[in-house]
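Okay, so here's the structure we're looking at.
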Amino acid sequence: MDISEIRPGMSCQTREGLAYVLEVDRQNQLVLLQREAETIPVQVRSDEILSLG
């Protein structure tokens, strides 16, 4: 997924399931996500996002 398409507040699909975008670090190509089934946010590379919802 191109980092320019990802914005806070969007939902997205990763290999681990549905997640909500909290923050986007365009310079480092990182995205902070809150996964649906987890309570702690996780940081992933933007290329780990499969699709936006």
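The values are calculated or read from the model by the stated rules, or taken from the named source; none is laboratory data. Every value quoted in this text rests on a predicted model; they were computed, and no experiment measured them. Cβ placement follows ideal geometry from the backbone for every residue including glycine, while neighbour counts extend to all protein chains displayed.
Looking only at residues in the chain that are over 9 Å from the mean Cα position of the chain (by Cα) and among the basic types (Lys, Arg), the one that is surrounded by the fewest Cβ atoms within 10 Å (Cβ to Cβ) is 15. The C-beta contact set for the stretch 8-24 (first residue more than 13 Å from residue 44 (Cβ to Cβ), second residue polar (S, T, N, Q), distance under 9 angstrom, 6+ apart or interchain) comprises 18/11. Checked against the criterion of being in contact (Cβ under 8 Å) with a residue 40 or more places away in the chain and not in a helix (DSSP H, G or I), the stretch 26-41 contains not a single residue that satisfies it.
Select from the stretch 1-25 the residues that are part of a strand (DSSP E or B) and in contact with a helix residue (DSSP H, G or I) (Cβ under 8 Å, 6 or more places away or on another chain) and write down the one among them that is modelled with the highest pLDDT. Talk me through it step by step, then tell me what you get.
To start, the set of residues in the stretch 1-25 that are part of a strand (DSSP E or B) comprises 11-14, 17-25.
With in contact with a helix residue (DSSP H, G or I) (Cβ under 8 Å, 6 or more places away or on another chain) added as a condition, the list becomes 14, 24.
Numbers: 14: 92, 24: 97.
The residue in question is 24.
Checked against (1) at positive phi; (2) in contact (Cβ under 8 Å) with a residue 24 or more places away in the chain, residue 53 passes all but a single condition, namely (1).
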